[in-house]
Amino acid sequence: MARRILLLGPPGAGKGTQATMITNALHVPHISTGDMLRAAVAAGTDLGRQAESVMAAGELVSDELVVAIVDERLSQNDARCGYLLDGFPRNVAQAEALNDSVVNAISTVVVLSVDTEEVTSRLMHRAAEEGRVDDNGATIHRRLEVYTAETVPLVEFYGSAVLEIDGMGSVDAVFSRIMIALAKS
Ligand code: AP5
């Protein structure tokens, strides 16, 4: 059966890290709006120019822009037999737009729970190593506020499709919890 997974969790919860491992295991494409937007910024496209300052401030890029790039990506052949969405939908309006454009767009929602102290520590560590523009104290704080206000309501929106996973601990321990939960779902 095609797996159409949505991975949710606060900034620094390990979505990107786990998404790579899950998609390698399940052989479905990893569709990350954050990665697509950062690629557009790096390439200097119109989309990148519109998104750059919004991302640097820790705010959400407009629903219209992200819905359009995800619609286009999901229409590609490799997404016909399942996918893992990482970072989209990020609010109820995006979830409703996805439901309008794709029948049964999401089969399972994996929510990674990681406490604020741990995600902040992970992101500050990444800031020192990679220099992502939104990994600084003020912007991390804002990204966490936006997550609580805009994205947490999706847990209720997706209801019984949600699998809550403890995202604390090692990368391998979290991956193992996710795969066990997916196998049972
Ligand atoms: P996005 O790229 O989606 O970023 P995010 O949600 O803030 O998440 P991060 O990438 O920071 O963290 P992650 O949970 O993926 O963790 P990771 O595996 O990287 O979005 C960025 C911006 O783009 C948004 O703020 C917004 O502006 C815009 N955007 C994106 N999608 C949008 C949408 N749909 N609508 C509107 N705007 C949108 O791990 C983080 C660090 O921790 C890494 O260094 C990693 O090595 C480390 N780590 C991971 N797991 C562990 C572990 N278990 N133990 C220790 N360290 C760990």
Given that compact globular proteins tend to follow 2.2 N^0.38 Å, what is the ratio of the alpha-carbon Rg of region 61-110 to that value? 1.06
Please calculate the 1.4 Å probe accessible area of Glu164, with all protein chains present, and give it to the nearest 10 Å². 120
How far, in nm, would the chain grow between Thr148 and Ser170 when pulled straight, counting 0.36 nm per residue and subtracting the alpha carbon separation? 5.5 nm
Apply 1/(1 + (r/R0)^6) to the Cβ-Cβ distance of Ser185 and Ser121, taking R0 = 30 Å, and write down the FRET efficiency to the nearest 0.05. 0.50
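Please give the length that would be gained between Asn24 and Val54 if that part of the chain were fully extended, namely 0.36 nm times their separation in residues minus their C-alpha to C-alpha distance (nm, one decimal).
7.7 nm
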Calculated over region 15-61: convex hull of Cα atoms, volume per residue (Å³): 81
For the chain, the percent of accessible surface on carbon and sulfur atoms (probe 1.4 angstrom, ligands and nucleic acids excluded) is 53
Once the principal axes of the Cα atoms of region 52-185 are found, what is the range along each, listed largest first in whole angstroms? 41, 36, 28
Treating each Cα of region 1-105 as an identical point scatterer and ignoring solvent, apply the Debye formula and state log10 I(q)/I(0) at q = 0.14 Å⁻¹. -0.54
At 1.002 mPa s and 20 °C, plugging the Kirkwood radius over alpha-carbon pairs of region 85-130 into Stokes-Einstein gives what diffusion coefficient in µm²/s? 164
Show me the ranking of peptides 153-162, 28-37, 50-59 by mean Cβ neighbours inside 10 Å, starting with the highest. 28-37, 50-59, 153-162
Counting only heavy atoms of protein chains, what accessible area per residue, in Å², does the chain have with a probe of 1.4 Å? 50
With all protein chains in place and a 1.4 Å probe, Leu8 shows an accessible area in Å² (nearest 10) of 10
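The values are calculated or read from the model by the stated rules, or taken from the named source; none is laboratory data. Model, not experiment: these values are computed from the prediction. Neighbour counts run over all protein chains shown; Cβ positions are idealised from the backbone, glycine included. When the accessible area is computed, the model is the full protein with side chains, heavy atoms only, and any ligands, DNA or RNA have been set aside. Shrake-Rupley method; radii C 1.70, N 1.55, O 1.52, S 1.80 Å.
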